[in-house]
Amino acid sequence: MGLLGVRNDRVTRDSMNEPNNSFAEALAAIIKPIVKEALREALNLNLRSLTQSTAAEKAFLTIKQAAATSGLGASTIRLAVRRRELRAQKVGRRVLIKKADLENFLEANPIETLTD
């Protein structure tokens, strides 16, 4: 007891920070997975844009790159190559398609619009 019969409870800074620390730890536990997921998504988007920009700079494309560039499936690209509708070169085990040949293939059969 202190002067005038008042209890002299001094609260130390450490004891005041304990609830704040546990709150901060709980908040960090909640936020950490959210931030990790957001970073993963951002990194994946950056990697996708890098591969697409790399494909845009090349004169020759692989089947996968041609599919990604054209919006078609890889099986559709392979079928067009097999039917000789799309020119391609085989280098070793890899099939390469000229970007210009892919553009010509895509522009070869446009759908005519109907006019009333």
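What helices (runs of 4 or more DSSP H) completely inside the range 61-116 contain at least 3 residues that are surrounded by fewer than 13 Cβ atoms within 10 Å (Cβ to Cβ)?
Ranges flagged: 99-108.
May I ask you to list the residues in the range 101-115 that are hydrophobic (A, V, I, L, M, F, W, C) and more than 17 Å from ALA68 (Cβ to Cβ)?
ALA108, ILE111, LEU114
Scan the range 39-77 for residues that are in contact with a Leu (Cβ under 8 Å, 6 or more places away or on another chain) and either modelled with pLDDT under 90 or hydroxyl-bearing (Ser, Thr, Tyr) (or both) and jot them down.
Residues satisfying the conditions are ALA55, THR62, THR69, SER70.
The values are calculated or read from the model by the stated rules, or taken from the named source; none is laboratory data. Keep in mind it's a predicted model, so treat the numbers as computed, not measured. Note: ideal-geometry Cβ built from the backbone for every residue, glycine included; neighbour counts use all protein chains shown.
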